[in-house]
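Input: a single structure, listed below in structure tokens.
The values are calculated or read from the model by the stated rules, or taken from the named source; none is laboratory data. Just so you know, these numbers come straight off a predicted model, no measurement behind them. When we count neighbours, we look across all protein chains shown, and the Cβ atoms used for this are built from the backbone with ideal geometry, even at glycine.
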Amino acid sequence: MPIPRSVWMVPLLVAVGCKSSSQPSPQPPTQPGEAPKEAPVAGNLQPFDNDAELQSYISELVAERKKEEREARERAKSSPGYGQAVPQASAAPSADASAPAKDSKAEGESITNTQEAGVDEGGIVKTHGDHLVVLRRGRLFTVRVAKGAPPKAISMIDVFPPGTRPDAWYDEMLIHDGTIVVVGYSYRAQATELGLFNIGSDGRLSYRGTHYLRSNDYYSSRNYASRLLGDKLVFYMPYMLLTSRWEGGEQDLTPSFPAVRAATGQWRDVVRSSQIFRPIQKARFPVLHTVVTCDLGGRELDCKARSVIGPFGRTFYVSSRAVYVWVTDEVFAPLDPSKPVKRQGSIVYRLPLDGSDPGAVRVHGAPTDQFSFKEAKDQLHVLVRADGDGDAMWAPEARAGGVALASVALSSFGNHQSIERDTTQYVDLPKPEGWSMQNRFVGDSVLYGTGIGWGRPEATNSKVFVHRLSGSRETRNVPLPHGVDRIEAMGDDAVVIGSDGKNLHFTAMQLGGAPRVVDRHVERNAMQGETRSHGFFFKPTADEDGLLGLPVRGGEEPGFSHLVNGSASVLFLRVTDLRFSSLGGLRSRPDNIDDQCVASCVDWYGNARPIFWQNRIFALLGYELVEGRIEDREIVEVARATMLPAGKFRATLAH
């Protein structure tokens, strides 16, 4: 059974106070490839021919694993101290952008701070007609925000199947026409749970059904499991092939494969052997890295999948054209202590969304998170570090080693030579001090630096590094009186946000020509209240002007406060020619109401958001939606709606 998130939290809290070890830069290839003139038309991976071949491969894996473990037991018996209590090594890995984009909604306006234009990401608040839809603690809420009327709570519904005892974490939500898809992970079913709900034009919610997509837990402290492109719902799902189970005193290493079922139905496979591609790397903990696509155009959920086999460490990125999965060999001591620790390197896979053949390229290093990627017209740019284990659980929060920019020609994904040797172009970049790295592609530049992440505030003087992708291709470092906890786009320029140990700094940077600091706003005794990318939003009003919002908390609170504390206030700044003026904030009015939460009672994906919708300004603050209006260079509250559970709790849904 997958390890629950509450257990995974322990090593995170230990790591918060740790610094990364020094590692060399990712090694560039000896013979870099040339930039392509056009994208590939075919892949370079070989699928299994039939079920028998796939089963033969699995049988070999199982036999090899059992042999390794048998030899390890024999060595242990002959070693001094055999039979005494000794610490046991784990048999599983230690850690399972641009401006806001327009989405595919008829309104043509998004409230989600997405990485790629046209690629909506699962979140905790979305829009539907004149309504905001909010996912929180195992419930869906709708709030009417019709033009000229104050916000009003309309409907609420549990997201778990009626009549069941919930056991899942409900994390993300997407809306397509009148269908809401809620994404969660059920440890009882050992599957991703997909709840389908109807939403009417009046904002009323109704339950349609629940499906389960068999998988390991998809959770990442930074990434989102789901994307929506038109009618196509896209998931990345991991499947460990050799997860140990004990049946009747015998170890069972039989793998499970991607399958889907209704709440009371039978499992139905969603991937064929001909859609599972043979591994390029040998991995101690092989994982079936799977991209699942579901068609939301019909009444029923129709899902298909394609899979590649690789090591456990993975980071994935979704562009408008393809899903990229970068897999990295594990850093684990072998069972035989006489053999040295060895890293085999990395592979990046490209799975086109149009269904054409996937491809792979041999590479070095590991990205930090999805923001380490940027697909250009004919190249994939990736900011990598020498050491990393992907974006599962809290792995992105601790990165180490040298830094390089890898530029992969898209045509390489159709070239068989590219999986025999590394033909990627690398540019060595300066290594930042610190351990919680943030990175972002903005315009023609990539920016990166380190901050406190989920840790506690600490006084620091830092730098943000800016590397140009074209022209001079130089790297500049810009000194800052604060850490780098967030990098966001403001048009073609950027804002770098971070703590100095007590105060929260917003640094506006002009990126055209030599990067330079234009202005800085300091919010006293504050730090950002949300670590998720969706916690920030910039609403452009002109070429270099706009409004931005960000949840904030007290300056001494750690970054992980949003997991265990109530909602924060939301700070709003006006941006004019990259210069800030504070508008103040919209604040919650917590009254310590016990919501008697029964599902998903930790806010893994946050609980506060700035919302700019049809020339109106809102702050989502836990169970409250507060509307503000700018008057005399200050934002003032004009209305408030409370989304309280109905019935036995103290208030009705209507405000």
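Annotations for the structure displayed:
- Residue 551 satisfies every condition listed in (1) part of a strand (DSSP E or B); (2) farther than 17 Å from residue 136 by Cα except (2).
- Residue identified as within 26 Å of residue 404 (Cβ to Cβ) and either more than 23 Å from the chain's Cα centre (by Cα) or among the basic types (Lys, Arg) (or both) among 520, 473: 473
- Of everything in region 125-151 that is charged (D, E, K, R) and in a strand (DSSP E or B), the residue that is farthest from residue 111 (Cα to Cα) is 139.
- Selection status of residue 632, on the phi > 0 side of the Ramachandran plot and either modelled with pLDDT of 80 or more or among the acidic types (Asp, Glu) (or both): yes
- Pair list, Cβ < 9 Å and 6+ apart or interchain, from region 57-69 residues that are on the phi < 0 side of the Ramachandran plot and modelled with pLDDT of 85 or more to residues that are basic (Lys, Arg) and outside any helix (DSSP H, G or I): 57/278
- With respect to the conditions (1) closer than 26 Å to residue 218 by Cα; (2) surrounded by 24 or more Cβ atoms within 10 Å (Cβ to Cβ), residue 400 falls short on a single one, namely (2).
- Residue check for residue 483: out of contact with any helix residue (DSSP H, G or I) (no Cβ under 6 Å at 6 or more places or on another chain), farther than 18 Å from residue 442 by Cβ and in a loop (DSSP other than H, G, I, E, B): yes
- Region 505-516 residues that are closer than 15 Å to residue 488 by Cβ, paired with ones that are assigned to a loop (DSSP other than H, G, I, E, B) and of a type in the set (Gly, Ala, Ser) (beta carbon under 8 Å, 6 or more apart): 511/443
- Residue within region 144-157 that is touching a Lys or Arg at 6+ places or on another chain (Cβ under 8 Å) and at pLDDT below 90 present: no
- Qualifying residue in region 537-548 (condition: touching an Asp or Glu at 6+ places or on another chain (Cβ under 6 Å) and modelled with pLDDT of 95 or more): no
- The residues of region 361-383 that are surrounded by 24 or more Cβ atoms within 10 Å (Cβ to Cβ) and part of a strand (DSSP E or B), listed by number, are 361, 363, 366, 367, 373, 380, 382, 383.
- Test: residue 217 is in a loop (DSSP other than H, G, I, E, B), surrounded by 18 or more Cβ atoms within 10 Å (Cβ to Cβ), in contact with a Phe, Trp or Tyr (Cβ under 9 Å, 6 or more places away or on another chain) and at negative phi: yes
- Residue match in region 585-601 (condition: of a type in the set (Val, Ile, Thr) and not in a strand (DSSP E or B)): yes
- Selected residue (criterion: surrounded by the fewest Cβ atoms within 10 Å (Cβ to Cβ)) from residues of region 262-278 that are assigned to a loop (DSSP other than H, G, I, E, B) and among the basic types (Lys, Arg): 278
- Residues located in region 220-241, provided they are over 20 Å from residue 373 (Cα atoms), buried (at least 20 other Cβ atoms within 10 Å of the Cβ) and at pLDDT below 90: 239, 241
- Residue within region 308-318 that is surrounded by fewer than 22 Cβ atoms within 10 Å (Cβ to Cβ), over 26 Å from residue 242 (Cβ atoms) and modelled with pLDDT of 90 or more present: no
- Residue 602 fulfils the conditions (1) buried (at least 20 other Cβ atoms within 10 Å of the Cβ); (2) of a type in the set (A, V, I, L, M); (3) closer than 30 Å to residue 394 by Cβ except for a single criterion, (1).
- Enumeration of residues in region 395-411 that are within 20 Å of residue 316 (Cα to Cα) and either in a loop (DSSP other than H, G, I, E, B) or out of contact with any Leu (no Cβ under 9 Å at 6 or more places or on another chain) (or both): 395, 396, 398, 399, 400, 411
- Residues that are farther than 16 Å from residue 174 by Cβ and in a loop (DSSP other than H, G, I, E, B), drawn from region 299-314: 299, 300, 311, 312
- First in region 230-243 and closer than 20 Å to residue 179 by Cβ, second anywhere and among the aromatic types (Phe, Trp, Tyr), Cβ under 9 Å, 6 or more apart: 235/218
- In region 419-440, the count of residues that are modelled with pLDDT under 90, in contact with a Lys or Arg (Cβ under 8 Å, 6 or more places away or on another chain), assigned to a helix (DSSP H, G or I) and surrounded by fewer than 24 Cβ atoms within 10 Å (Cβ to Cβ) is one or more.
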